[in-house]
Amino acid sequence: MLGVVATIKVKDGQGAEFEKVATELVKKVNDNEKGCLLYQLYHGEEPNTYVFMERYADQAALEAHRGTEYFKTLGRAMGAFMDGKPNVQRFKQVGA
């Protein structure tokens, strides 16, 4: 299992617009990617901060996710509202 935590800062006043695009991405991922076992968006405690929590069955599932047309299209759309690049951390599950 692989985990991903992507922390995103959005520009002041852009949260609602970001959420609209980001929640569309969440729905598409959850509806279409069997190898993605968790894909959720959270609003962080810090202002203008969001976190995607993701869990994939394996590397192939993660690569398939990143290769989808909706990920590319909606990712670009989210970029318009972001304040800098996302902080993406990848993890490998320990134990069973």
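Please treat every number below as a calculation from the coordinates, not as lab data. Please read all numbers here as calculations on a predicted model, not as lab measurements. Glycine gets a Cβ as well: all are built from the backbone with ideal geometry, and neighbour counts include every protein chain shown.
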- So which helices (runs of 4 or more DSSP H) stay within the chain end to end and still have 2 or more residues that are in contact (Cβ under 8 Å) with a residue 40 or more places away in the chain and within 11 Å of the chain's Cα centre (by Cα)? 15-32, 69-79
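Could you grab me the full set of residues in the range 38-50 that are over 16 Å from PHE71 (Cα atoms) and of a type outside the set (Asp, Glu)?
In the first step, residues of the range 38-50 are kept if they are over 16 Å from PHE71 (Cα atoms); the result is 42-50.
Across the range 38-50, the qualifying residues are TYR42, HIS43, GLY44, PRO47, ASN48, THR49, TYR50.
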